[in-house]
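Okay, so here's the structure we're looking at.
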Amino acid sequence: MSGILNTKNLSMHFMGVKAVDDLTVSFPAGLATGLVGPNGCGKTTLFNLISGVYDPTAGEIFIRDKGFTRIKCTKLRDLKIARTFQDCRLISQLSVEDNIMLAISKTGTYDSILEVGTEDYEEFLDHILETISLSHKRHELAENLSYGQRKLLEIGRALASNADIYLLDEPFSGLFPEIVEKIKSIINDLKAKHKTIILVEHNIALIKEICDNVVVMDAGKLLKQGKAEEVFADEKVKHAYLGE
């Protein structure tokens, strides 16, 4: 296997619908890969299989050449995988600080924060809050944040796990330009640290700007993989994804 994360003949069927269909694809280590395709092509389903939300109907997932027929979401931290969601999976009644602390803590439970104490993580916590530009909101409840701030907090929680592989599901969706620029900066910093990023995004200009490689899915299958310029120039991609 050539990548840090690979799938082999991976499938996920829902009542006869093949959301992911015999997918074999490789994501190289230390690079940003854009995962694109028309709506309903299986991008988020693939993320859900990798992050343990779903168990595959068939096939395998390889993390650092170790094969899994299923991945438990409780093991993502051990596998050094972090994931964001389109709809921001935050705990609304906890503060910004505590939402991040839950991601930092080894067990992911609030009791572990109380047992260890925030002061043990203070420097790391401060760094994350500064990175996501929410230091001034650290004691604010997550439910009181703007949509863009919630997106930043979701990314902050991913950063708190100190992962090697980041699955970012439409992190730019619906954001004002200044927050788009902030998230771009965060992703570029992860790239500089040789982290592996898999980014679902519909804005082709952003994909071309951020990503080293592109994977195009269509109807649950791999349509094309390679450098962005080559992929988006492909006639099959133009027809299936760009509608040309």
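A short reminder: the numbers here are calculations on the coordinates, not readings from a lab. Since the model is a prediction, treat every value here as computed from it, not as a measurement. Neighbour counts run over all protein chains shown; Cβ positions are idealised from the backbone, glycine included.
For the range 156-216, the list of trypsin sites (Lys or Arg not before Pro) that fall in a loop by DSSP and count at most 10 other C-beta atoms within 10 angstrom reads LYS193. Each label was represented as a point 7 Å from its Cα along the Cα-to-Cβ direction; for THR24 and SER185 these points are 4.3 nm apart. By the count of other C-beta atoms within 10 Å, a proxy for reagent exposure, ASP87, ASP169 are ordered fewest to most as ASP87, ASP169.
Residues whose amide H lies under 5 Å from that of MET12, counting only those 5 or more places away or on a different chain, are ALA19, VAL20, ASP21, ASP22, THR57; hydrogens are built 1.01 Å from N in the peptide plane. Charge tally around VAL53: other residues with Cβ under 14 Å, Lys/Arg +1 each, Asp/Glu -1 each, net +3. Here the alpha carbons of the chain define both size measures, Rg and Dmax, at 18.0, 58 Å.
For the chain, what is the percent of antiparallel DSSP beta bridges, rounded to the nearest 5? Intermediate results must be reported in sequence, preceding the final value.
Values: 21 of 37 bridges.
Bridges in the chain that DSSP calls antiparallel: roughly 55 percent.
Just to be sure I understand the curve: with the Debye formula and one point per C-alpha of the range 33-81, what is log10 I(q)/I(0) at q = 0.13, 0.14, 0.16 Å⁻¹? Rounded to two decimals, the profile gives -0.32, -0.37, -0.47. In terms of other Cβ atoms within 10 Å, LYS238, LYS43, LYS18 run from fewest to most in the order LYS238, LYS18, LYS43. Length gained on full extension, GLN93 to LYS75: 3.9 nm, using 0.36 nm per residue less the C-alpha separation.
Sum up the charges of everything whose Cβ sits under 10 Å from the Cβ of LEU222, counting Lys and Arg as +1 and Asp and Glu as -1, but leave LEU222 out.
Details: positive: LYS221, LYS224; negative: ASP21, ASP22, ASP218.
Around LEU222, the charge tally is -1.
Shown for the chain are the DSSP H helices of 18 Å or more along their axis, judged by Cα atoms, with a mean Kyte-Doolittle hydropathy of at least -0.5: 147-160, 177-192.
In percent, rounded to a whole number, the relative contact order of the chain is 27, using alpha-carbon pairs under 8 Å and six or more apart.
Determine the dipole magnitude for the chain: charges of +1 sit on the beta-carbon of Lys and Arg, -1 on that of Asp and Glu, nothing else is charged, the reference point is the Cα centre, and the result goes in debye to the nearest 20.
Values: 29 positive and 35 negative charges, 155 e Å.
The calculated dipole for the chain is roughly 740 debye.
Between the listed residues PHE14, ALA205, SER173, the Cα displaced farthest toward the positive end of the dipole of the chain, a dipole computed from Cβ unit charges relative to the Cα centre, is found at PHE14. Our compactness index for the range 128-244, the C-alpha radius of gyration over the empirical 2.2 N^0.38 Å, is 1.19. Around the amide H of ASP218, modelled in the peptide plane, lie the amide H atoms of LEU223, all under 5 Å away and 5 or more residues distant in sequence or on another chain.
What is the sum of charges around GLN86, taking Lys and Arg as +1, Asp and Glu as -1, for the other residues whose C-beta is under 9 Å from the C-beta of GLN86? Don't jump to the answer; show the numbers that get you there.
Details: positive: none; negative: ASP87, ASP169, GLU170.
Neighbour charge sum, excluding GLN86 itself: -3.
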